[in-house]
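Down below is the structure, laid out as structure tokens.
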Amino acid sequence: MKISEIFFSIQGEGIEIGLPTVFVRLFACDLRCAWCDTMYAVEGRDFIDMTINEVKSEIEKFQCIRVCMTGGEPLIQRDEVEQLAKDLVSEGFNILLETSGHKDPPSVFWTDSCLISMDCKCPSSKMEEKMDFKLFEKLRPKDQLKFVIKDEVDYNYAKEILKSYQIKASIIFQPVYGTNLKWLTEKTLEDKLEKVRTLPQLHKFIWGEKRGY
């Protein structure tokens with residue numbers, strides 16, 4: 001497996017925000033979001049080749065049952081990620097998969113031990129046309145669909161997606177880092193988006209843009 005980094009921190013985003021978590025950041029992505037904040041895990045040679053057993057050994061050192069598989073795009077390494085998830089689930093770990101809405105996760109991620117955090121790319125990302133909208137309706141009530149929002153165009157796009165599809169998952173609106181959280185929060189209140197959670201990237205409030213946190 002091509003691994004960018006493995007570290008222990010708190011979950012900084014979504015419905016598990018604040019919970020201690022082991023992060024396994026996989027290298028490579030087939031999207032190029034305009035505002036991507038982890039380009040070191042997307043392009044270049046900044047990764048380590050590790051076996052599945054080596055990754056498991058690193059995870060186990062932290063003695064934490066929650067594991068977040070993130071990227072890059074983890075499902076680029078689909079077979080390896082699927083096997084790692086199966087092994088971890090069999091050992092009692094809970095997994096959160098962070099993935100974009102253009103790849104259908106393997107069956108292991110649809111089990112009770114796993115939570116899927118799927119991104120719907122908005123226009124500011126320049127990747128909105130890559131989305132497979134049918135995947136959003138496949139998400140379960142325990143999963144989450146996240147919209148990273150930069151401006152009014154993104155906000156209106158997200159609202160339209162919510163109107164157009166029957167989505168059972170929790171809905172997260174998250175501002176692009178460095179943009180106005182207050183503005184986005186007030187917009188959701190003004191429009192009475194009662195099912196939307198407006199959340200920051202908590203880890204960046206604590207540590208800033210720093211790797212390994």
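The values are calculated or read from the model by the stated rules, or taken from the named source; none is laboratory data. Since this is a predicted model, take the numbers as computed values, not measurements. Because the Cβ atoms are built from the backbone with ideal geometry, glycine has one as well, and the counts that use them run over all protein chains shown.
The figures follow:
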read-out: Positions within region 41-55 being within 20 Å of L88 (Cα to Cα) and either basic (K, R) or not in a helix (DSSP H, G or I) (or both), in sequence order; value: D49, M50, T51
read-out: Hits in region 89-103 (condition: small (G, A, S) and either closer than 25 Å to K134 by Cα or in contact with a Ser or Thr (Cβ under 6 Å, 6 or more places away or on another chain) (or both)); value: S100, G101
read-out: Any hit, region 121-141, residues being closer than 17 Å to E194 by Cα and either surrounded by 20 or more Cβ atoms within 10 Å (Cβ to Cβ) or without any contact (Cβ under 8 Å) to a residue 40 or more places away in the chain (or both); value: yes
read-out: All positions within region 75-101 that are surrounded by fewer than 18 Cβ atoms within 10 Å (Cβ to Cβ) and in a loop (DSSP other than H, G, I, E, B); value: E91, G92
read-out: Some residue of region 43-54 being out of contact with any helix residue (DSSP H, G or I) (no Cβ under 6 Å at 6 or more places or on another chain), surrounded by 15 or more Cβ atoms within 10 Å (Cβ to Cβ) and more than 24 Å from Q166 (Cα to Cα); value: yes
read-out: Only listed residue being closer than 30 Å to E152 by Cα, surrounded by fewer than 22 Cβ atoms within 10 Å (Cβ to Cβ), in contact with a His (Cβ under 9 Å, 6 or more places away or on another chain) and at pLDDT 95 or above, chosen from D104, D30; value: D30
read-out: Whichever residue in region 164-213 is within 21 Å of M127 (Cβ to Cβ), modelled with pLDDT of 95 or more and surrounded by fewer than 17 Cβ atoms within 10 Å (Cβ to Cβ) and, among such residues, is nearest to the chain's Cα centre (by Cα); value: Y165
read-out: Residue ranges of helices (runs of 4 or more DSSP H) in region 107-213 with at least 3 members closer than 28 Å to E5 by Cβ; value: 202-207
read-out: Selection from region 4-25 of residues that are touching a Leu at 6+ places or on another chain (Cβ under 9 Å), surrounded by 20 or more Cβ atoms within 10 Å (Cβ to Cβ) and hydrophobic (A, V, I, L, M, F, W, C); value: V24
read-out: Output for region 3-40, where each listed residue is in contact with a strand residue (DSSP E or B) (Cβ under 9 Å, 6 or more places away or on another chain), under 21 Å from E129 (Cα atoms) and either of a type in the set (A, V, I, L, M) or not in a loop (DSSP other than H, G, I, E, B) (or both); value: A28, L31
read-out: Neighbours by Cβ (under 6 Å, 6+ apart or cross-chain): first from region 1-30, in contact (Cβ under 8 Å) with a residue 60 or more places away in the chain; second hydroxyl-bearing (S, T, Y) and crowded, with 17+ Cβ neighbours inside 10 Å; value: Q11/T21; G14/S117; I15/S170
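Per-residue answers, yes or no, for (1) farther than 30 Å from P175 by Cβ; (2) among the small types (G, A, S); (3) in contact with a Ser or Thr (Cβ under 7 Å, 6 or more places away or on another chain); (4) modelled with pLDDT of 95 or more:
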{"position": "M39", "(1), (2), (3), (4)": "no, no, no, yes"}
{"position": "T51", "(1), (2), (3), (4)": "yes, no, no, yes"}
{"position": "F62", "(1), (2), (3), (4)": "no, no, no, yes"}
{"position": "P74", "(1), (2), (3), (4)": "no, no, yes, yes"}
{"position": "Q77", "(1), (2), (3), (4)": "no, no, no, yes"}
{"position": "E80", "(1), (2), (3), (4)": "yes, no, no, yes"}
